[in-house]
Number of protein chains: 2
Amino acid sequence: MTSEETPHFHCPLPIDEYTHVLLAHGGGGRLMHRLIEGLFLPMFHNPTLATRHDGALLECGDRKLAFTTDSYVVRPLFFPGGDIGTLAVNGTVNDLAMCGAHPLCLSSGFILEEGFSVASLRRIVQSMSQAAREAGVQLVTGDTKVVDRGKGDGVYINTAGIGVVMADRLIAPASVEPGDAILLSGDIGRHGIAIMAVREGLAFETTIESDCAPLAAPVLALLKARIEVHCLRDLTRGGLASALVEIAEAAQLHIGVRESAIPVREDVRGACEILGFDPLYVANEGRFVAFVAWRDAERALSLLLSHPLCAGAALIGSVGTEPQGLVTMRSSIGAERIVDMLSGEQLPRIC
Amino acid sequence: MTSEETPHFHCPLPIDEYTHVLLAHGGGGRLMHRLIEGLFLPMFHNPTLATRHDGALLECGDRKLAFTTDSYVVRPLFFPGGDIGTLAVNGTVNDLAMCGAHPLCLSSGFILEEGFSVASLRRIVQSMSQAAREAGVQLVTGDTKVVDRGKGDGVYINTAGIGVVMADRLIAPASVEPGDAILLSGDIGRHGIAIMAVREGLAFETTIESDCAPLAAPVLALLKARIEVHCLRDLTRGGLASALVEIAEAAQLHIGVRESAIPVREDVRGACEILGFDPLYVANEGRFVAFVAWRDAERALSLLLSHPLCAGAALIGSVGTEPQGLVTMRSSIGAERIVDMLSGEQLPRIC
């Protein structure tokens, strides 16, 4: 491989080499991982956190629970296909689903900026209420803080969620096995492009809407059908590429994907070309990858295809052993390149 | 009563009458309650939220869980007796304790401002780690977002927590009964004054430190001794007064307290006089009130007094029936006045 083929393949400095936080520390790429690995993991050291999954798994009496949190700082607050409220519910519901859990309830913490419009707040709260209804979860506890004018950005929302784990076996990068099939639940890149279009005032021929949606139903359908699911990951900040790299590194296995198998809508591909983005790195809010035992791959794919939210699902690749810890992608003309995380920042505040 | 005696006894406008969010909407007083009652409760309508307790109670298999969240936006980030990290752990641990729950684990969501000092972040994360160790909880899952320079205030932290309910009966305002004794776990007003002193650059003869501390141990000691605990509430934003008013209103009972029984340190009282604050409304982060069956009052008080964090505990009053839904305070010279929530804002961003 040459450096031209892998423009992002270098290691930024460890967290201690930075004296100040950069936007890229929150971007879902290499720098954010340095922050997590260099500061949060060693300081909060415990076995649950160390699994580095979308959520924590907790034994609680006769149940196994999943517990997860996300803060939402998306800009703009309203975009085609959703708003910060939709995102705050679906994002956390999806993190629970990625643990193989049935989402039970959410908390919501609002940080409001003094002077924020009450009408906008009402609209956002309404979106959260509707998204919760659609996802089958309840918003059961909450908190509101107000910060001075100029010290916030309208509204930030944190949600945390609890789910009941429905999977018999551990769904996590550590469970991925050589030979696993990798399924992608649909076309990629829509959320990031929807946000970017509003932010930059771009108009495309069609309005590209965010794919923001709750993913628990298709995941639970796989588990109910006793598909042997090894790992699940929703594709948010950092896109498909970052999710696959994280899993390959954590599992210390090789992930190989075929570029032609990865669905990207024509309008999204066009927008990416105009903006200079690679759809592999663009954020999604209603897409996931499932690593399943190879013998279950076809059955899993047809189950996904039968679900309205996964109508574009595809088998995009498989897991091997070498080169260990790397993701490679074969292009339609047969060239293979290494896929790495972004080291910097593609699109800040996308969720 | 005259209006001079009850300066805050008027109803501000309902949430719909405000077009923009005010700082006071996050202040823990009347305006925040209007926001909760006028917007969040009706929109997120469900029986769990409707109990309006510090946390939600959830049946989960053979266990009953408590679930709660808080965002922390305190200014300054570091203050005598703690920092935003200590607060973020203890605040949520205490909300779980107030549900009669043994705190199990916390999530943490960081919203960092671009340019925030990594050394300060490290110090805060270290405080969280130490506070978690002292409170016996684990930080098991987390999230980091970065917002643009000027769109945050260094760092905001959200924590959510899960606890296992240890109480046999529901600990909530609805369980308060006429005749209940009201115990206060120690002297009030230290957290608010500690913050204010730093913020305004005031120097008192002694440094007043925040009372920030985890309250699960004394609460669980009461439960273990089978004290009949009816309601618990930690005294944060809005102070002792707001906590008592909330409970009196929710229980539709009368709460009577004696001013002389409420411990306030001399230096705190002096600082309050200088600043024009009423200690009843000043925030605390390591104090709570316990409503217990009268026959258990003495035993509960001596249990609290034996705990280092509650060395200044006192019996401050009792519950009656009339005047329904009101809190009254008898002064040392025998005059009785109504205690109400603040309608506006005493001290923004205190936690």
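The values are calculated or read from the model by the stated rules, or taken from the named source; none is laboratory data. Being a predicted model, the structure only gives us computed values, none of them experimental. Here the Cβ positions follow ideal geometry from the backbone for every residue, glycine too, while neighbour counts run over all protein chains shown. To get the accessible areas, we keep the full protein, side chains included, count just its heavy atoms, and leave off ligands, DNA and RNA. Shrake-Rupley method; radii C 1.70, N 1.55, O 1.52, S 1.80 Å.
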Completion exercise
Amide H contacts under 5 Å for B:TYR72, restricted to residues at least 5 apart in sequence or on another chain and with H modeled in the peptide plane, are B:ILE157, B:ASN158, B:THR159
Fill in the blank from the handout: If the label point sits 7 Å along Cα→Cβ of B:ARG199, residues of the range A:88-130 with amide N under 20 Å come out as A:110-116
Practice task
Give, as ranges by residue number, the residues of the range A:147-186 whose backbone N falls under 16 Å from the point 7 Å along Cα→Cβ of A:GLU298.
Solution key: A:181-182
Practice task
Subtract the Cα-Cα distance of A:ARG123 and A:GLN324 from 0.36 nm times their separation in residues, and report this length gain in nm to one decimal.
Solution key: 67.6 nm
Exercise for the section: Can you grab the distance from the C-alpha centre of the range A:213-262 to the C-alpha centre of the range B:207-239, Å, no decimals? Expected result: 44 Å
Practice task
Quote the total accessible area buried by chains A and B together, excluding ligands, DNA and RNA, probe 1.4 Å, nearest 100 Å².
Solution key: 6900 Å²
Practice task
With label points built 7 Å along Cα→Cβ from the Cα atoms of A:ARG226 and B:SER331, find their separation and express it in nm.
Solution key: 7.7 nm
Problem - Exceeding the 28 Å Cα-Cα cut-off - candidates A:LYS64/B:LYS224; A:LYS145/B:LYS145; B:LYS64/B:LYS151; A:LYS64/A:LYS151 - result: B:LYS64/B:LYS151; A:LYS64/A:LYS151
Practice task
For B:PRO80, place a label point 7 Å out from Cα along the Cα→Cβ vector, do the same in each other copy, and report the separations in nm, one decimal, smallest first.
Solution key: 5.8
Practice task
List the distances, in nm and shortest first, from the label point of A:PHE204 to the matching label points in every other copy, placing each point 7 Å from Cα along the Cα-to-Cβ direction.
Solution key: 6.0
Practice task
Along Cα→Cβ, 7 Å out, is where each label goes; now give me the distance between the ones at B:ARG258 and B:ASP62 in nm to one decimal.
Solution key: 4.7 nm
Problem - Helix-only CD estimate at 222 nm, as mean residue ellipticity for the protein assembly as shown, using -39500 (n - 2.57) per DSSP H run (n ≥ 4) - result: -8000 deg cm²/dmol
Problem - Residues along the range A:86-125 losing 50 Å² or more of accessible surface when the other protein chains are present rather than the chain by itself (probe 1.4 Å) - result: A:ILE111, A:VAL118, A:ARG122, A:VAL125
Problem - Portion, in percent, of the accessible area of chain B that falls on carbon or sulfur, probe 1.4 Å - result: 52 percent
Practice task
Would you kindly find the accessible area of A:LYS151, with a 1.4 Å probe and non-protein molecules such as ligands, DNA and RNA excluded, rounding to the nearest 10 Å²?
Solution key: 80 Å²
Completion exercise
Distance in Å, no decimals, from the C-alpha centre of the range A:276-323 to the one of the range B:134-155 is 31 Å
Exercise for the section: Kindly report the accessible area of the protein assembly as shown per residue (heavy atoms of protein chains, probe 1.4 Å, no ligands, DNA or RNA), in Å². Expected result: 36 Å²
Practice task
Taking each label point as 7 Å beyond Cα in the direction of the beta carbon, state the distances from A:PRO308 to the same residue in the other copies, shortest first, in nm.
Solution key: 5.9
Exercise for the section: Would you kindly find the accessible area of B:HIS20, with a 1.4 Å probe and non-protein molecules such as ligands, DNA and RNA excluded, rounding to the nearest 10 Å²? Expected result: 90 Å²
